[in-house]
Amino acid sequence: MQVTIAKVHENLFSGDALSLSAITTEGEVTILPKHEPFVANLGKGVVTVRTANGEEKFEVVDGVLEVSNNQATVLL
Amino acid sequence: MALKDIKLKIKSVDRTRKVTKAMESVSAVKMRKSQLRALSGRPYAAAALSILERMSVSLESIKHPLTTVRTVKNAAVVVVTSDKGLCGVLNAAVIKEAERAIASLELPRDAISIYAFGRKGAEYFDRRGYTIEGKFENVSDDVSVADLALVANAIATAFVERRYDRVLVAYTNFRSTFEQNAVSHAVLPLSLESIAPVVSGIAPEKGKFAVVEKSKGPSFYTVEPSPESVVDRLIPRLVSILFYHALLESKASEHSARMVAMKNASDKSRDLSKSLTRTFNKARQAMITREVSEIVGGIEAMASA
């Protein structure tokens, strides 16, 4: 699954990942590969990306998560 | 011209060339950096737009305050120019484009507020009696979205409060190192049709950074908590991206325009210095010839005496 975490002026993360966990305004979600198309508002919390080489965590205040075509995009 | 004068002139032309050469190299470096920066915002803008696009069915029914079209009684124009000159027609072109956009609004002068990024635009519109609502000078090359957020929010709030019914932006679009166009378009009220070409045009048409990629999204989404709330979040982001993008494009354009202008100046001064050296050599030769003929004339006169 391709994951992109981007701010307007910089890319925080871009690459292959096994899963992505985030806190949406409705509760916590974990996106696994081949997740159905999904859009959600993110709440304050930590976005965790698990890759083959370990975990990466990103502090998030708000943002939008979009999943489509086996691709997850987090816009901060 | 006396020999000494020509020599001085050559020296001064050479000195000018040193300056223009230096400015050229500096601009070249800055241009590359600002091109990179202009490009880095593109995936974000494209993603935000594509999410919005796919929810556009609901967007029409939502009536977000930033997308409401009203009859235009008051308008704001954001003009992005440079602080300094020496960059060819760049600023003149933006100002002309802004004037054209203002004229097309058909509003009295006092119904228009100007937000000026860059001293040149601020000076121009100030002299002509427009209300300068905001003036921003010395905007650094690596301006961040957070810096812009204050202005973008102020403008958006004013729009929501109906102090402006339309917000335009005039800036220079960077197409390639040798080609920059002054463009203007409406930012508010926000509409998908008006911003789609802007977002797709974020990459330059030619050159190193000209890449085009297009991803197709699915036709439906599971949206949490609701399309409205997601759109609510995306729209202010897109508005600030549009301003941010205009600023970055203008920066890239400014540096490339200056680089080209300085290159022309350097070339011209090289030509001038060459032709002056030729004049100098001619004058020197003429002087030597005159001196020799005077000496020869003197000897002749002495010999015949």
Across the stretch B:26-259, how many lysine pairs, 8 or more positions apart or on different chains, have C-alpha atoms separated by under 16 Å? Please give the number. 11
Give the calculated FRET efficiency between B:Arg163 and B:Asn264 to the nearest 0.05, with a Förster radius of 45 Å applied to their Cβ-Cβ distance. 0.55
If every Lys and Arg gets +1 and every Asp and Glu gets -1 at its Cβ, then about the Cα centre the stretch B:79-127 yields a dipole, in debye to the nearest 20, of 180
Considering the zone a paramagnetic label at A:Leu18 would reach in this model (a point 7 Å from Cα along the Cα-to-Cβ line), which residues of the stretch A:45-64 have amide N under 17 Å from it? A:48-57
Rounded to the nearest 20 debye, what is the charge dipole size of the protein assembly as shown about its Cα centre when +1 sits on each Lys and Arg Cβ and -1 on each Asp and Glu Cβ? 2060
Kindly work out what percent of the DSSP beta bridges joining two residues of the stretch B:26-259 are antiparallel, to the nearest 5. 35
Which distance in nm do the two modelled labels at A:Asn69 and B:Lys21 give, with both placed 7 Å along the Cα-to-Cβ direction? 5.0
As an exercise, use a Förster radius of 35 Å and the Cβ-Cβ distance of A:Lys34 and B:Asn181 to find the FRET efficiency, rounded to the nearest 0.05. 0.20
Is the shape of the stretch B:141-184 best called rounded, prolate or oblate, per the rule: a/c under 1.5 gives rounded, else a/b larger than b/c gives prolate, else oblate, with a ≥ b ≥ c the square roots of the Cα gyration tensor eigenvalues? oblate
Considering the Cα positions of chain A, please state its Rg to one decimal place and its Dmax as a whole number of Å. 10.9, 29
Full-stretch length increase - B:Lys96, B:Ser229 - with 0.36 nm per residue and alpha-carbon distance subtracted: 43.9 nm
Amide H contacts of A:Ser19 (H built 1.01 Å from N, under 5 Å, at least 5 apart or other chain): A:Arg50
So how much slack lies between B:Glu53 and B:Arg290, counting 0.36 nm per residue of separation and subtracting their Cα-Cα distance, in nm? 77.0 nm
Within the protein assembly as shown, helix-based [θ] at 222 nm, where runs of 4 or more DSSP H residues each add -39,500 (n - 2.57), nearest 500: -17000 deg cm²/dmol
Just to be sure I understand: of the beta bridges DSSP finds with both ends in the protein assembly as shown, what percent are antiparallel, rounded to 5? 60
Along Cα→Cβ, 7 Å out, is where each label goes; now give me the distance between the ones at A:Arg50 and B:Leu8 in nm to one decimal. 8.1
What translational D, rounded to a whole number of µm²/s, comes out for the protein assembly as shown from Stokes-Einstein when the hydrodynamic radius is the Kirkwood one over Cα pairs, at 4 °C and 1.567 mPa s? 54
Distance between modelled label sites at B:Ser194 and B:Ser140, nm, 7 Å Cα→Cβ extension: 3.2
Enter the Cα centre distance for the pair the stretch B:228-272 and the stretch A:22-36, rounded to the nearest angstrom. 37
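Coordinate-derived values only; no laboratory data. Keep in mind the model is a prediction, meaning the values are calculated, not measured. Cβ atoms come from the backbone with ideal geometry, glycine included; neighbour counts cover every protein chain shown.
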